[in-house]
Amino acid sequence: MWFLMQRKWEADATAAFARRLGKSALELSMTDENPSCPDIWELANGDVAVIGRDLTESYIRRLPSGVSIGHDERLVVIPGKMLRSAKGDIADEESSA
(Lines give C-alpha, C1' and ligand atoms only; values in the text may rest on other atoms or scores of the structure.)
Protein backbone atom coordinates (compact mmCIF):
# COMPACT_ATOMS: atom_id res chain seq x y z
CA MET A 1 0.00 0.00 0.00
CA TRP A 2 1.35 3.44 -1.01
CA PHE A 3 1.21 6.23 1.48
CA LEU A 4 2.86 9.62 1.48
CA MET A 5 5.11 10.53 4.35
CA GLN A 6 5.21 14.13 5.51
CA ARG A 7 8.33 15.73 4.07
CA LYS A 8 10.29 18.57 5.65
CA TRP A 9 10.38 20.27 2.23
CA GLU A 10 8.01 19.98 -0.67
CA ALA A 11 8.28 21.62 -4.08
CA ASP A 12 5.63 24.23 -4.80
CA ALA A 13 4.44 23.64 -8.36
CA THR A 14 2.67 27.00 -8.37
CA ALA A 15 5.82 29.11 -7.78
CA ALA A 16 6.55 31.41 -10.73
CA PHE A 17 9.90 31.82 -12.45
CA ALA A 18 11.55 34.92 -10.96
CA ARG A 19 15.00 35.25 -12.55
CA ARG A 20 17.66 33.30 -14.38
CA LEU A 21 20.73 32.44 -12.32
CA GLY A 22 23.89 32.88 -14.34
CA LYS A 23 23.99 33.02 -18.10
CA SER A 24 21.81 31.27 -20.64
CA ALA A 25 23.20 28.39 -22.68
CA LEU A 26 23.13 30.72 -25.70
CA GLU A 27 25.24 33.33 -23.86
CA LEU A 28 27.70 30.56 -22.90
CA SER A 29 27.93 29.40 -26.55
CA MET A 30 26.58 25.98 -25.60
CA THR A 31 23.63 25.97 -27.99
CA ASP A 32 22.38 27.49 -31.23
CA GLU A 33 19.63 30.04 -31.89
CA ASN A 34 16.90 27.47 -31.17
CA PRO A 35 17.83 26.41 -27.65
CA SER A 36 16.44 23.36 -25.92
CA CYS A 37 19.11 23.29 -23.32
CA PRO A 38 20.05 23.47 -19.65
CA ASP A 39 19.10 26.41 -17.48
CA ILE A 40 18.97 27.48 -13.83
CA TRP A 41 16.15 29.64 -12.46
CA GLU A 42 15.28 31.08 -9.08
CA LEU A 43 11.57 30.75 -8.37
CA ALA A 44 9.44 33.41 -6.69
CA ASN A 45 9.49 31.45 -3.41
CA GLY A 46 13.31 31.25 -3.38
CA ASP A 47 13.55 27.65 -4.57
CA VAL A 48 15.67 26.83 -7.63
CA ALA A 49 14.56 25.07 -10.82
CA VAL A 50 17.21 23.26 -12.85
CA ILE A 51 16.63 22.20 -16.45
CA GLY A 52 19.08 19.54 -17.55
CA ARG A 53 19.47 16.10 -19.06
CA ASP A 54 17.61 13.40 -17.13
CA LEU A 55 20.31 10.85 -16.29
CA THR A 56 18.46 9.16 -13.43
CA GLU A 57 18.63 5.71 -15.01
CA SER A 58 22.35 6.09 -15.75
CA TYR A 59 23.22 6.97 -12.14
CA ILE A 60 20.59 5.15 -10.02
CA ARG A 61 22.70 2.03 -9.44
CA ARG A 62 25.89 3.90 -8.60
CA LEU A 63 24.84 6.63 -6.20
CA PRO A 64 27.23 7.44 -3.35
CA SER A 65 26.40 6.13 0.11
CA GLY A 66 23.67 8.21 1.73
CA VAL A 67 22.32 9.52 -1.59
CA SER A 68 18.90 8.46 -2.83
CA ILE A 69 16.45 9.48 -5.52
CA GLY A 70 12.77 9.42 -4.55
CA HIS A 71 10.14 7.92 -6.82
CA ASP A 72 9.06 11.43 -7.80
CA GLU A 73 12.59 12.83 -8.25
CA ARG A 74 15.06 12.88 -11.14
CA LEU A 75 18.81 13.34 -11.30
CA VAL A 76 19.58 16.00 -13.89
CA VAL A 77 22.98 17.02 -15.19
CA ILE A 78 23.95 20.50 -16.36
CA PRO A 79 27.31 21.78 -17.59
CA GLY A 80 29.66 22.89 -14.84
CA LYS A 81 30.30 26.08 -16.82
CA MET A 82 26.63 26.97 -16.45
CA LEU A 83 26.60 26.48 -12.67
CA ARG A 84 29.84 28.46 -12.27
CA SER A 85 28.32 31.33 -14.27
CA ALA A 86 25.49 31.46 -11.68
CA LYS A 87 27.83 31.78 -8.68
CA GLY A 88 27.54 35.58 -8.55
CA ASP A 89 23.72 35.39 -8.55
CA ILE A 90 23.53 33.03 -5.57
CA ALA A 91 23.56 34.59 -2.11
CA ASP A 92 25.87 33.08 0.53
CA GLU A 93 23.00 33.07 3.04
CA GLU A 94 19.25 33.01 2.79
CA SER A 95 17.95 36.54 3.05
CA SER A 96 15.32 37.26 5.66
CA ALA A 97 12.35 38.75 3.90
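The values are calculated or read from the model by the stated rules, or taken from the named source; none is laboratory data. Since the structure is predicted, the reported quantities are computational estimates derived from the model, not experimental observations. Cβ sites come from the backbone with ideal geometry, for glycine too, and all protein chains shown count toward neighbours. Ligands, DNA and RNA are excluded from the accessible area calculation, which covers all protein heavy atoms including side chains. Shrake-Rupley method; radii C 1.70, N 1.55, O 1.52, S 1.80 Å.
Helix-derived [θ] at 222 nm for the chain: sum -39500 (n - 2.57) over DSSP H runs of at least 4, divide by residue count, nearest 500? Mind showing how you got there, number by number?
Working: 2 runs with 11 residues, N = 97.
The helix contribution divided over the chain gives -2500 deg cm²/dmol.
Using a 1.4 angstrom probe on the protein heavy atoms only, line up Thr56, Thr14, Thr31 by accessible area, largest first.
On the way: Thr56 10, Thr14 120, Thr31 40 Å².
Most to least solvent-accessible, the answer reads Thr14, Thr31, Thr56.
Where in the chain lies the longest segment free of trypsin sites (Lys or Arg not before Pro) that are both loop residues by DSSP (not H, G, I, E, B) and have at most 10 other Cβ atoms within 10 Å?
Details: sites that count: Arg7, Lys8.
Longest gap between qualifying sites, sites excluded: 9-97.
Not counting ligands, DNA or RNA, and with a 1.4 Å probe, what is Val48's accessible surface area in Å² rounded to the nearest 10?
80
Under a cut-off of 18 Å between alpha-carbon atoms, report the lysines in cross-link reach of Lys23, not counting same-chain residues fewer than 8 places apart.
Lys81, Lys87
Could you pull out the chymotrypsin sites (Phe, Trp or Tyr not before Pro) across segment 14-97 that fall in loop regions by DSSP (anything but H, G, I, E, B) with no more than 12 other Cβ atoms inside 10 Å?
none
Computing the accessible area with a 1.4 Å probe over protein heavy atoms, can you report the carbon and sulfur percentage for the chain? Don't skip to the answer; put the middle values down first.
Values: 4330 of 8210 Å².
Using a 1.4 Å probe with all protein chains present, the chain comes out at 53 percent carbon and sulfur.
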